[in-house]
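The values are calculated or read from the model by the stated rules, or taken from the named source; none is laboratory data. Since the model is a prediction, treat every value here as computed from it, not as a measurement. Every residue, glycine as well, gets a Cβ built from its backbone with ideal geometry; the counts of neighbours run over all protein chains shown. For the accessible areas, the whole protein counts, side chains as well, though only heavy atoms, and no ligand, DNA or RNA atoms are used. Shrake-Rupley method; radii C 1.70, N 1.55, O 1.52, S 1.80 Å.
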Amino acid sequence: MAMDLIDYTIVGSEMQFVEVELDPGEAAIGEAGAMMYMQDGIQMDTVFGDGSQQASGLMGKLLGAGKRLLTGESLFTTVFHNEGQGKRRVAFAAPYPGKIIPVDLGQIGGTLICQKDSFLCAAKGVSLGIAFQKKLGAGLFGGEGFIMQRLDGDGMTFVHAGGTLQEQVLAPGETLRVDTGCVVAFQPSVDFDIQFVGKIKSAIFGGEGLFFATLRGPGKIWLQSLPLSRLANRIIMSAPAAGGRSTDQGSLLGAGILGGILGSDD
């Protein structure tokens, strides 16, 4: 299926959104709940599958839906298409602080492997598939599980990285060891594996987990400084309702003591 050629603008610094400009007849696909706003003339349709299999019959739709189900996503995808007479815009917002990464699949070989929760939106025609980790270690201990998301096509796609974004091109044979949750995306030419930290004392008391990801070039990789799982764990640890410990610091009249008294059920 031919890709729609879309123009875009990324707005903001820490909490970004991407505004996609569609010519009449063009369309974009978005992850469920990612839409921020759309101009008059943009029509929103929910389709079964990934939005790229609409011309291949029932089996194609079932295949696209099955791929999304395996990656933990919804069976349905939202398609935004311009039914107006002129250019119209639709915007997609990042779900938490970080950076939106624009990737032209046609310039990196047509395929991008990414964490399953990082996809934000793409040009209509980009196929959302699955990428199985071939090595058992990567599947069991890779942080995001055995299945990652595979984006195929030659159009624009947008993925989200938490915190600060780091882009790096690995030379052939060059190796980088990374926290498993900090890997956002990489080209399929990059070898992805999971390695034990090596020392029992470091594994138990180091606070960095038992395993880290090993990325070996050649190819481009995208890393994030704040994985969603790390952010969620910090919030849960600090939530008294979930058994966490309050870290408020203040005077007797501040939120530390007075807030705890006023917030008590007793």
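Results, tabulated for the structure shown:
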| item | result |
| --- | --- |
| Gain in span if fully extended, residue 176 to residue 43, counting 0.36 nm per residue against the direct Cα distance | 43.5 nm |
| With DNA, RNA and ligands ignored, accessible area of residue 38 (1.4 Å probe; Å², nearest 10) | 70 Å² |
| Sequence of 127, 225 when ordered by accessible area, the most exposed leading, probe 1.4 angstrom | 225, 127 |
| Relative contact order of the stretch 6-48, defined on C-alpha pairs under 8 angstrom at six or more residues apart (%) | 27 percent |
| Stretchable slack from residue 132 to residue 83, in nm (0.36 nm times residue separation minus alpha-carbon distance) | 13.9 nm |
| Inter-label distance, nm, simple model (7 Å from Cα along the C-beta direction), residue 195/residue 14 | 3.4 nm |
| Solvent accessible area, Å² - residue 81, 1.4 Å probe, full protein context | 30 Å² |
